[in-house]
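*Asks:* Provided herewith is a single structure, encoded as C-alpha cells, for subsequent inquiry.
The values are calculated or read from the model by the stated rules, or taken from the named source; none is laboratory data. It should be emphasised that the depicted structure is a prediction, and the values quoted were computed from it without experimental measurement. Because the Cβ atoms are built from the backbone with ideal geometry, glycine has one as well, and the counts that use them run over all protein chains shown. The protein model used for the area step is the full one, side chains on, heavy atoms only, and it has no ligands, DNA or RNA in it. Shrake-Rupley method; radii C 1.70, N 1.55, O 1.52, S 1.80 Å.
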Amino acid sequence: MAWTFIDVMQSDDRGAAVAAAARTRDPRLVTFHDPSHLLGRALARTLAWKHHLAWDTYFAYRPGTRWLDADPPPPDVWFHQLKDRERWARTAELEVGDASWTQHLAEACEADPAQFRTGDELRHALAETLRAFARPSAPSAPSVHEQPPSRTRSRRECYRAGVTTPLEQLLGLATPPVAIAFLAAPPPGLARLDRSSAASCAYWRRASDGEAFYTEAADHVGCAVGAHTHGVPTTAAQQAELGQLVETMVGLEYLALSEVPQIPHREVHAEFGVVAYAPLEAATFPPDLVLVRGDVRQLMLLAEAAQAAGVGSGAPTMGRPTCAILPQAIQSARGSASFGCVGNRVYTGASEHEGYYAIPGSALAAIEAKLAVVARANTELAKFHEARKAQLG
C-alpha cells in the first residue's frame, strides 16, 4: 500500500506530510510527499483529466498489477472526494475560515460523480474492495503497461525511489536510516548474511543500500574492536588479536591504555544470538536502535529533537570506535552521537562531513514527533536570523 501527501492547501508542507504519515505506522504502508504535484498530475492523466489535479483520490489495483510505464496504470477500482471549486470554497470558508487556496483548483470537477465516496461510505467501499481483491480467483495474467524501463535500476535506486521515512523526509538524508536489533533467534523470513565483512560497521552500509539480513557471532570477529563492542564471545587467539590492535593504537598515540576499559560494550548475559539489520522502512522486526548517518546540521536537528523528547544524550559526542555508539544508545536508552572514526569511514564510505546518531528503538516515535516541530522551528528561526543579520549586519 502506498499513501502520498499532495500539497494543496496553504498549510500543506513537508512537516504536515510527515506529521500525517506518523499517525499511521504500518509496515505494509509506504508514504510519499508530492509538493510539486508530479504524482497528482500523473494520476489525473491516467483518468483522462485535462485540468484537474488528482488529490483526495483512492486507487486500488488487483494483485499482480505492475507499473512499468511513465504514468500509473489505470486502476481496477477507484474513488474520490473531489468537488467543484465553488463547493470547495464554501467548505473551506466554513471549516477553516479561508478559501483562498481553492482559487487554483479547476472550476469544474472532472471526476466521475458516480465514484464519489466520503466518510463511512468511503471506508466501507475501500474495505470491500480490498476484501474482494484478496479472495482466491482464477489465475490471470498480470496487468502490465508494456513500455519497459529505459534501464535496470540498482537495488539502492529502487529503494530510494520507493521509500521514505519521516526521518528522511524531515532531515533530507542521503543515506537511509538503518534498523538494528540484537535477538536471541533470527526473525521469521529474514535471511542470513551471504558473506562476512571485515568489520561490523560494514553491515550498516549494506543495510542502508537496501539489504535486510541477520548475522551471527562468527560474522563479527573480523574486527577485534567490533567484536568487543558487540559483546561477541571470543577465543583466546581473538582476544590476543584485540590486545595487539590496542597495543598498535597506543603505540601510535591514537588511544591511551586507560581509555580501553571505558569503551562502551554490550553486556551479554546469555548466548550471543543474532544481529538483524534492515533499512528502517523495510524492517520486519522491532529495532533496538535506529542508526542515522548525516551531516552536522542533520545531526543537530536530531539531537534537538531527542532533547525535546526527553531522551537526549547525557554523554559527550563520541569518537573512536564508532561501533561503540550501539551499546551506548541501547544501554543508556538515550540518543547517542558519534563523530565517527577512520576505520568506519573506510568500511562504510562515510564522508568526512558525516557523523552518526543512534536512536533507541523505544524512543523513535517520540523523536520523530518532536523532529517535525524542531525542523519547522529551525526553518522559521533561520528566516528570523537572516532578517536580523541583514538589518544589523
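*Asks:* At 1.4 Å probe size, what's the solvent-accessible area of C201? Round to the nearest 10 Å².
*Replies:* Approximately 20 Å² for this residue.
*Asks:* Moving on to the next point. Once the piece of chain linking F384 and M1 is laid out straight, how much longer is it, given 0.36 nm per residue of separation minus the C-alpha distance between them? Numbers along the way, then the final one.
*Replies:* Details: separation 383, 0.36 × 383 = 137.88 nm, distance 4.00 nm.
Length difference between fully extended and current span is 133.9 nm.
*Asks:* Kindly report the accessible area of the stretch 295-380 per residue (heavy atoms of protein chains, probe 1.4 Å, no ligands, DNA or RNA), in Å².
*Replies:* Using a 1.4 Å probe on heavy atoms only, each residue of the stretch 295-380 averages 43 Å².
*Asks:* What does a probe at Q238 reach in the stretch 186-214, counting residues whose amide N is under 12 Å from the point 7 Å along Cα→Cβ?
*Replies:* The answer is 200.
*Asks:* How much length is gained on full extension from Q307 to T248, taking 0.36 nm per residue of separation minus their Cα-Cα distance? Kindly include the intermediate steps, with their values, before the conclusion.
*Replies:* Values: separation 59, 0.36 × 59 = 21.24 nm, distance 3.76 nm.
Here the answer is 17.5 nm.
*Asks:* Same structure, new question: I want the local charge near D219. Using Cβ-Cβ distances under 13 Å, sum +1 for each Lys or Arg and -1 for each Asp or Glu among the other residues.
*Replies:* +1
*Asks:* Further question on the same structure: Using a Förster distance of 35 Å, how high is the FRET efficiency between A377 and L122, based on the Cβ-Cβ distance and rounded to 0.05?
*Replies:* Working: r = 35 Å, r/R0 = 1.00.
Given R0 = 35 Å and the Cβ-Cβ separation, E is 0.50.
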